[in-house]
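Trainee: For reference, the structure I am asking about is given below.
Please treat every number below as a calculation from the coordinates, not as lab data. As the structure is a computational prediction, the values presented were derived from the model and not from experiment. Note that we place each Cβ from the backbone using ideal geometry, even for glycine, and neighbour counts take in every protein chain shown.
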Amino acid sequence: MQKTTRHLQESLNSIDQAILPPAGFLRCMLRSLPRSALAISLSRTSRRWQLAQVQRQDIHNSDVPLLCIACEARHKGVGGALTPQQLAELSCHTKRHALAPGSAMVAAGSDSGRHSNILSGVVKLSKLLPDGRQQIVGLQFAPDFPGRRFSPENTVTAEAATNVRLCSFPQAVIESIATKSRETEHRLHLQTPRKFDEARKWMITLGRKKAAEKLASFICLVVTHQNPEVPPGNGPIRFELPLKRADNADFLGLTIETVSRHFTKLRKSGMIFVENSRQITVNDKGRLLAASQGIA
């Protein structure tokens, strides 16, 4: 009898400490119950506690490294193609670092030996012509992967256009992980066509659209990648243009004067509000998208 009483007392103390504040209320309630009802109550409480423990482990994804759980790019970048075990292997070799605007990431023709996922910010890709002229060939946002994934040589120069945070890892490690699993290699390759589709879409913008449509398309590009969850028609959306005025003109294949003139037209139409040369507020994303397609 004393043993049973002591066991019940220990169970009560355990429940008091682990589950319910205030503990005194639970203690008084359980002591008022018959002994048989008390045993049933303890059994049910113990079962609920065990289920809660299992659910807590599921919520926190205990198999995924802590560094990767909080990563903004885990589900869409390279990490999105890896299993929890492969993420754990990769996380042993990753480094996070920040770059200021204008900092060079990778030079054309170089082999850094490391790859990176963009966690935040915008990276500018450019090529240098033989006569010294520079052409901006693309912008990359989180969780893009600057450089060529399975090639040791970079064909473009990557430079931070804004403040950029990166997660980098050795090229040999990601290649080793892909080699061990055909399924993983396939998932990594499936991420490549998206970049080709975006490049073809931008070729149409540069080759066929008018100046006003090009500028509206550029603003839509930045807004969509910086605020991907905002549907058309919702606003206002305030953001900072990643490029300087001269780079905007270079990227669009226009003169600085033409870009400035069409910025003024968009402002007067009410679609955007220009605070300064870089700070822009889009008042209606739907109207801006229509303008980029020549509908407005």
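Trainee: My understanding is that a pair violates if its Cα-Cα distance is over 23 Å; which of 127/195; 210/268; 210/285 do that in this structure? Show your work: numbers first, answer last.
Mentor: Values: 127/195 17 Å; 210/268 18 Å; 210/285 19 Å.
Flagged as over cut-off: nothing, all pairs pass.
Trainee: From the square roots a ≥ b ≥ c of the eigenvalues of the alpha-carbon gyration tensor of the range 165-273, which class results: rounded (a/c under 1.5), prolate (a/b over b/c), or oblate?
Mentor: prolate
Trainee: Which of the peptides 252-258, 168-174, 214-220 is most tightly packed, and how do the rest follow, going by the mean number of other Cβ atoms within 10 Å of each residue?
Mentor: Ranked from most to least packed, the peptides come out as 214-220, 168-174, 252-258.
Trainee: Under the Kirkwood approximation for Rh and a Cα-based Rg, what ratio Rg/Rh is obtained for the range 133-218?
Mentor: Numbers: Rg = 16.0 Å, Rh = 15.5 Å.
We get a ratio of 1.03 for the range 133-218.
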